[in-house]
Every structure is written in C-alpha cells, then in structure tokens.
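The values are calculated or read from the model by the stated rules, or taken from the named source; none is laboratory data. Values in this document were obtained by computation on a predicted structure and should not be read as measured data. Backbone-built Cβ (ideal geometry, glycine too); neighbour counts: all protein chains shown. Heads up: the accessible areas ignore ligands, DNA and RNA and are worked out on the full protein's heavy atoms, side chains in. Shrake-Rupley method; radii C 1.70, N 1.55, O 1.52, S 1.80 Å.
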Amino acid sequence: MNAEPVHGLLTVIDMQRVFAEPDSPWATPRFDEAAQGVRRLLPAFGDRVTFTRFLAPEKIAGVWRAYYDQWPFALQPPDAPLWDLTDEFAVQARHLVNATTFGKWTPELAARVGADGRLVLAGVSTDCCVLSTALAAADAGAEVLVVSDACAGVDDDSHAKALHVLDLYRPLIRVVTVDEVLAGGAA
C-alpha cells in the first residue's frame, strides 16, 4: 500500500442488514464480496469515512407511494433492525448519514467532501444508491471514484451495466478498483 494517505472521503453506501441477509427481499447476492473490498479500503482512509443508511420516510409522498406499495415490508421506523449497518460496519461507523432517498448526496455529505473534493464510493447497490449518489455528487462538482470491486448490484448484469454507465461520465466519474485506490493509481 502507498505510504501516502489516500486522497478523498470514502463513503460506504448502505451496508445494511436489509441488503446483507439472504432472506431479505432486498438481498444483494454479492454483498459479502463488496464488504471484502470495503474492509480493504477502510484503513487507508482513517477518519475520512462516512457510512450511509437508506431509511423509509416517516411520511410517503409522490411516486414513493407506488414504490412502497411494491415493498411494504420496508415501511419500518429508523430503529428497526433491518436498517442497521451489519455488525462489522456498525462498530466502525463514526460518521453516519441517513437518507430516505436512493442518492446519499445530502448537504451533510457534501460538507464532508468539501468544495472541489473527492468522493470515493463503495457499497450497495451499484445500480441504485451508488449510481444515484455518484451522479448527484458529480453534478455538484465533486470528483467521484466508484470502486467497482467494493460495490455490488442487485445481480451481476445490473452491476456491470451500472459500472458501464458510470464510466461514460469520465472525467467526472471514474470506475476504479480497490488495488488502484490503495496503490495511488487513482490519483
């Protein structure tokens, strides 16, 4: 690993029980592989890590009504166990951003990245919350790196397609690997 600290804010998207547990309707099949990539990244970023959680809104509005009609199991309060980060990440989450939207580019996350900062994204799912966060952050002027082998999609095909679409946004968004980030090749 590079002796120099890795540049940017690592944001670990939604590594929650609802996506990790195989019997969940929202289970992400390669969650454990994404978690392995996240584990490798965490030490390189030290205190510059933010975890996020997707939560159901208290009041449902607009097209979200149709969404939650499709997924009624998810209409649970923020303290419901399904929304918890998995145990290994819960103990490491010193900074946490909650959002009731797919995209996690909130004012709080934007402030942590800073003007003209770098956002390094990992987590689940590539084809939903990672994608939504990356696009909003790039639109706001942040440099975005999506770490392909520290993310997982709802299935392999969706993951690959999302990475392809994200890579079309170069130079605003770059798809990289854990090894490239750790070696400083993503500089």
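A few points about this structure:
- Segment 145-187, relative contact order [Cα under 8 Å, separation at least 6], %: 48
- Annotation: the chain has a Kirkwood hydrodynamic radius of 16.4 angstrom, from the mean reciprocal C-alpha pair distance.
- Degrees separating the helix 31-45 axis from the principal Cα axis of the chain, which is the longest one: 40
- Shape call, segment 131-187: gyration tensor on alpha carbons, a/c limit 1.5: oblate
- Whether segment 1-65 is rounded, prolate or oblate, judged on the alpha carbon gyration tensor where a/c under 1.5 counts as rounded: oblate
- Residue among Pro72, Pro25, Pro81 with the largest mean-square fluctuation in a Gaussian network model of the chain, springs linking Cα atoms under 10 Å: Pro72
- Using θ = phi - 60° in the Karplus curve 6.51 cos²θ - 1.76 cosθ + 1.60, the 3J(HN,Hα) couplings for segment 90-102 round to 4, 6, 9, 7, 6, 10, 10, 10, 9, 8, 9, 10, 4 Hz; x is entered for Gly and Pro.
- Label-point gap, in nm, between Asp47 and Ala111 - each point 7 angstrom along Cα→Cβ: 1.7
- Surface share of carbon and sulfur [accessible, 1.4 angstrom probe, percent] for the chain: 54
- Share, in percent, of DSSP beta bridges within the chain that are antiparallel, nearest 5: 5
- Taking the longest Cα principal axis of the chain as reference, the axis of helix 156-167 is set at about 50 degrees.
- Residues whose amide H lies under 5 Å from that of Arg174, counting only those 5 or more places away or on a different chain, are Val144, Leu145, Val146; hydrogens are built 1.01 Å from N in the peptide plane.
- Sorting the segments 151-163, 128-140 by their residues' average number of neighbouring beta-carbon atoms within 10 angstrom, most packed first, yields 128-140, 151-163.
- Solvent-accessible area per residue, Å², over the chain with all protein chains present [probe radius 1.4 Å]: 48
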